[in-house]
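S.K.: Quick one: this structure, given as structure tokens, is what I'll be asking you about.
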Amino acid sequence: MLIGFFLIFIGLYGFIFNRNNYLLIVISIEIILLGTAYILSIFSINNDDIIGLLFILYIIAIAAAEVALALSILVTMSRLRGSIHIKTSNINTLKYNPKIIV
Amino acid sequence: MLTISIILFIIILSFKILKPVYINRISILISIYCSIILLTIIFNTNVFYNYGISIYNSLGYISINQIIGQLIVWFTITLVLLLGESGKTRKNILRSSEYTLIILLSILGMNFLLISNDLVTMSLAIELISFPLYISASLYKNDEIYEGLGFNKNNLSGIYAGLKYLLIGSLGSVFILLGSVFIYGDTGLTNITNIIELLNIFNNKLEIYKIGSTLIIVGLLLKLGCAPFHNWAPDVYDGVPTIVTTWISIVPKIPFLIFLSLHPLFIYPLLSNLTLFSSFCSLIIGSIMGLLIFRIKRLLAYSSIVHLGFILLSISCIYYINTFTTIFYIVVYVITSINIFFILNSINLSKNIELLSELKGFVYNNKLLSFSLIISFFSLAGIPPFLGFYSKYFILLDSFNLEYYFITFISLLCSVISCVYYLRIIKIINFDDNIYMNYKSIHLNETISIVISFFTFLTLTFVLNGNLIFNLFNTPFII
């Protein structure tokens, strides 16, 4: 059980404090999902129930689909902009446009 | 049967035998057909009056409230698909058939979420809603071809908006999964009805269960974009083309909110403090931050945060009151904001507008269109004779009767503050000089003009015979 919580906290730490690369954020989300599946397996063994193990299969499928989507968006972004670093690509370009005065 | 036939329909359409335009038209007909079927079910059956029917081996549950939610979703999606049919927009957005197919997939997920009565089905349906939204946010990434969509040249913000939406949304779904795992570990059950029975036996003494339901609520609030987790919403809604904003800012909120209001499992009295806190934050942040904004879609995003605050206020009282007020507020919000987005899209047909200052003197260009825009902004602000006033009135009445005096006072104050930016738009449209308004006059489609005029008529004349609508929905809404 502790290993699962440890994985979840590693993933959350990586999601919040990562300032380099979008790919690392995606990987940390995957780590959170791995920890969730691990905790779920322990719960299902404790409860002596098969539904938890079925739920793990669904979680793995969801994780795979999410990674596929994120990678496809990252590939298009690197093709258009040339890099997937967070600092070089300013995500908030739309926020305030000081040229135009209301 | 309906869902299975929609799955078959999506599979058949994805072979690309037909042109994208025909696929869009067939989907419009299908969604009209579905909403008519759901309407007939609502008015013709007294079978599930106080209770529902368990379906799919108790993975799902249908009562009259679920059917009303599905009806709202299908009706809204008909309008969203109709929007892709107009002139220049059709040439651009229906260049490929993915747009329609993605919307249909997401609608499938919404129907599954509304009828789901199991933690596994719930989380899978939420994923099925979310993935097509990420795709459609990042679908239109290139420039120069999308003139009619309200999108700048050399602006890669669509792909950034999609990436941001994906990362935050997947964090929310991770929270939902984690919460359902905790609930499963504590109770050993996944069926929501069984969990409620177990809670009644144990008198709400399950501690890990409380952590789990808190995590589920946090995940849902993160997906909705309510206030402590609101920062992604204006960026995403502003970064994508206007038609996609119409789709991703209005429609996915409906099933989440109705699901929250139908299953008070997650908000039993102790936990209603969480949604109350979120509604407090969203009222204050949405009304004050909106004063600083001068981009239209960004401003509409902040106004949607204020309205989410009102809906969350009524959801946190839902343990004691009817679901009628919540669903009525959702319907009114959908009607007015869809009207505003239709008008913005029809302005985009002649010239892209992104800033509020580009609406200066719009009344000299097209008087009727600007009149309906003004009416719908008045209705969003909650000025008395219009439709938006009544929905706010019911929610404030309920929360006042339940003796939530502080939050009622705060919501009154915040609706006054948010009046400022709605009235500023009306001032810009009417009384400012015609500086930026040198583009040619707008020619509307028949379909778009019919929709705009119908909704404006509804907003205007609700005060004359409101009982017509209330009597229509009075019987099904009683729990």
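The values are calculated or read from the model by the stated rules, or taken from the named source; none is laboratory data. All values derive from a computational prediction rather than experimental measurement. Using ideal geometry, Cβ is built from the backbone for each residue, glycine included, and neighbour counts are taken over all protein chains shown. SASA here: full protein model, heavy atoms, side chains in, ligands and nucleic acids out. Shrake-Rupley method; radii C 1.70, N 1.55, O 1.52, S 1.80 Å.
S.K.: Could you run through segment B:11-24 and say how many residues are surrounded by fewer than 17 Cβ atoms within 10 Å (Cβ to Cβ), touching a helix residue (DSSP H, G or I) at 6+ places or on another chain (Cβ under 8 Å) and modelled with pLDDT of 75 or more?
M.R.: Going through segment B:11-24 one residue at a time, the tally reaches 2.
S.K.: Please go through segment A:1-34 and pick out each residue that is more than 10 Å from every other protein chain (Cβ to nearest Cβ), farther than 22 Å from A:H85 by Cβ and either of a type in the set (D, E) or open to solvent by less than 60 Å² (accessible area, probe 1.4 Å) (or both).
M.R.: A:L7
S.K.: Quick check: is even one residue across segment B:154-163 within 21 Å of the chain's Cα centre (by Cα), more than 18 Å from A:M77 (Cβ to Cβ) and either assigned to a helix (DSSP H, G or I) or at pLDDT 90 or above (or both)?
M.R.: No, segment B:154-163 contains no residue that is within 21 Å of the chain's Cα centre (by Cα), more than 18 Å from A:M77 (Cβ to Cβ) and either assigned to a helix (DSSP H, G or I) or at pLDDT 90 or above (or both).
S.K.: Ok, one more. So which residues in segment A:37-58 are of a type in the set (F, W, Y), over 16 Å from B:D118 (Cβ atoms) and open to solvent by 40 Å² or more (accessible area, probe 1.4 Å), if there are any at all?
M.R.: A:Y38
S.K.: Let me ask you something else. Can you tell me which condition B:P384 does not meet? The list is (1) farther than 30 Å from B:S261 by Cα; (2) in a loop (DSSP other than H, G, I, E, B), and all the others hold.
M.R.: So B:P384 meets the others, but not (1).
S.K.: Could you please give the count of residues in segment B:309-341 that are more than 19 Å from B:R295 (Cβ to Cβ) and either within 13 Å of the chain's Cα centre (by Cα) or in a helix (DSSP H, G or I) (or both)?
M.R.: So the answer is 23.
S.K.: Could you look through segment A:59-75, keep only residues that are surrounded by fewer than 17 Cβ atoms within 10 Å (Cβ to Cβ) and farther than 18 Å from A:I8 by Cα, and pick out the one that is nearest to the other protein chains (Cβ to nearest Cβ)?
M.R.: Initial filter on segment A:59-75 (surrounded by fewer than 17 Cβ atoms within 10 Å (Cβ to Cβ)): A:60-61, A:64-65, A:67-68, A:71-72, A:75.
In the following step, the residues that additionally are farther than 18 Å from A:I8 by Cα were identified as A:61, A:65, A:68, A:71-72, A:75.
On the way: A:A61: 9, A:A65: 6, A:A68: 10, A:L71: 11, A:S72: 9, A:V75: 10 Å.
The qualifying residue nearest to the other protein chains (Cβ to nearest Cβ) is A:A65.
S.K.: If you check B:I347 against the conditions, is it touching a residue at least 60 places away in the same chain (Cβ under 8 Å), out of contact with any Ser or Thr (no Cβ under 8 Å at 6 or more places or on another chain) and crowded, with 23+ Cβ neighbours inside 10 Å?
M.R.: Yes, satisfied.
S.K.: Something else now. Among the listed residues B:I383, B:I347, identify the single one that is in contact with a helix residue (DSSP H, G or I) (Cβ under 9 Å, 6 or more places away or on another chain) and farther than 29 Å from B:F310 by Cα.
M.R.: Testing whether each residue is in contact with a helix residue (DSSP H, G or I) (Cβ under 9 Å, 6 or more places away or on another chain) and farther than 29 Å from B:F310 by Cα leaves just B:I347.
S.K.: Taking the condition more than 11 Å from every other protein chain (Cβ to nearest Cβ) and within 16 Å of B:G309 (Cα to Cα), does B:I254 pass?
M.R.: Answer is yes for this residue.
S.K.: Take segment B:204-216 and flag every residue that is assigned to a helix (DSSP H, G or I) and free of Cβ contacts under 8 Å to residues at least 40 places away in the same chain. Break it down into steps so the answer makes sense when it comes.
M.R.: Taking segment B:204-216 as the starting set, the residues that turn out to be assigned to a helix (DSSP H, G or I) are B:207-216.
Once the filter is applied, which keeps residues that are assigned to a helix (DSSP H, G or I) and free of Cβ contacts under 8 Å to residues at least 40 places away in the same chain, segment B:204-216 yields B:E207, B:I208, B:Y209, B:I211, B:G212.
S.K.: Let me ask another. Is at least one residue of segment B:233-248 out of contact with any His (no Cβ under 9 Å at 6 or more places or on another chain), surrounded by fewer than 24 Cβ atoms within 10 Å (Cβ to Cβ), more than 14 Å from chain A (Cβ to nearest Cβ) and not aliphatic (A, V, I, L, M)?
M.R.: Looking for residues that are out of contact with any His (no Cβ under 9 Å at 6 or more places or on another chain), surrounded by fewer than 24 Cβ atoms within 10 Å (Cβ to Cβ), more than 14 Å from chain A (Cβ to nearest Cβ) and not aliphatic (A, V, I, L, M), one finds none in segment B:233-248, hence no.
S.K.: Is it the case that A:N97 is open to solvent by 70 Å² or more (accessible area, probe 1.4 Å), at pLDDT below 90 and farther than 23 Å from B:S123 by Cα? Even if it seems obvious, please write down each step before you answer.
M.R.: Numbers: open to solvent by 70 Å² or more (accessible area, probe 1.4 Å): no; at pLDDT below 90: yes; farther than 23 Å from B:S123 by Cα: yes.
Considered against the rule, which asks whether it is open to solvent by 70 Å² or more (accessible area, probe 1.4 Å), at pLDDT below 90 and farther than 23 Å from B:S123 by Cα, A:N97 comes out as no.
S.K.: Another question, then. For B:L119, are the conditions met, namely being more than 23 Å from B:I28 (Cα to Cα), of a type in the set (A, V, I, L, M) and modelled with pLDDT of 75 or more?
M.R.: yes
S.K.: Further, regarding this structure: If a residue has to be among the small types (G, A, S), over 17 Å from A:E30 (Cα atoms) and free of Cβ contacts under 8 Å to residues at least 60 places away in the same chain to count, how many in segment B:159-203 make the cut?
M.R.: Qualifying residue count for the region: 2.
S.K.: Can you pull out the residues in segment B:428-479 that are modelled with pLDDT of 80 or more, in a helix (DSSP H, G or I) and either aliphatic (A, V, I, L, M) or under 30 Å from B:Y51 (Cα atoms) (or both)?
M.R.: Listed by number, the residues that qualify are B:I428, B:I429, B:I448, B:I450, B:V451, B:I452, B:L458, B:L460.
Residues are listed down the side, and each one gets a yes or a no for (1) among the aromatic types (F, W, Y); (2) within 23 Å of B:L119 (Cα to Cα); (3) at pLDDT below 85; (4) open to solvent by 20 Å² or more (accessible area, probe 1.4 Å):
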| site | (1), (2), (3), (4) |
| --- | --- |
| B:M1 | no, yes, yes, yes |
| B:S5 | no, no, yes, yes |
| B:I26 | no, no, no, yes |
| B:Y61 | yes, yes, no, yes |
| B:I64 | no, yes, yes, no |
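S.K.: Okay, next question. Determine which single condition B:I258 fails, assuming it passes every other condition in (1) in contact with a Pro (Cβ under 9 Å, 6 or more places away or on another chain); (2) open to solvent by less than 10 Å² (accessible area, probe 1.4 Å).
M.R.: (1)
S.K.: All but one of (1) on the phi < 0 side of the Ramachandran plot; (2) surrounded by fewer than 18 Cβ atoms within 10 Å (Cβ to Cβ) hold for B:V363; which doesn't?
M.R.: Failing condition for B:V363: (2).
S.K.: Going by the conditions given, is B:L167 of a type in the set (A, V, I, L, M) and under 27 Å from the mean Cα position of the chain (by Cα)? Break it down into steps so the answer makes sense when it comes.
M.R.: On the way: of a type in the set (A, V, I, L, M): yes; under 27 Å from the mean Cα position of the chain (by Cα): yes.
For B:L167, the condition - of a type in the set (A, V, I, L, M) and under 27 Å from the mean Cα position of the chain (by Cα) - is met.
S.K.: Which of the following residues is more than 22 Å from A:Y38 (Cβ to Cβ) and buried (at least 19 other Cβ atoms within 10 Å of the Cβ): B:I176, B:I192, B:I201, B:I183?
M.R.: B:I192
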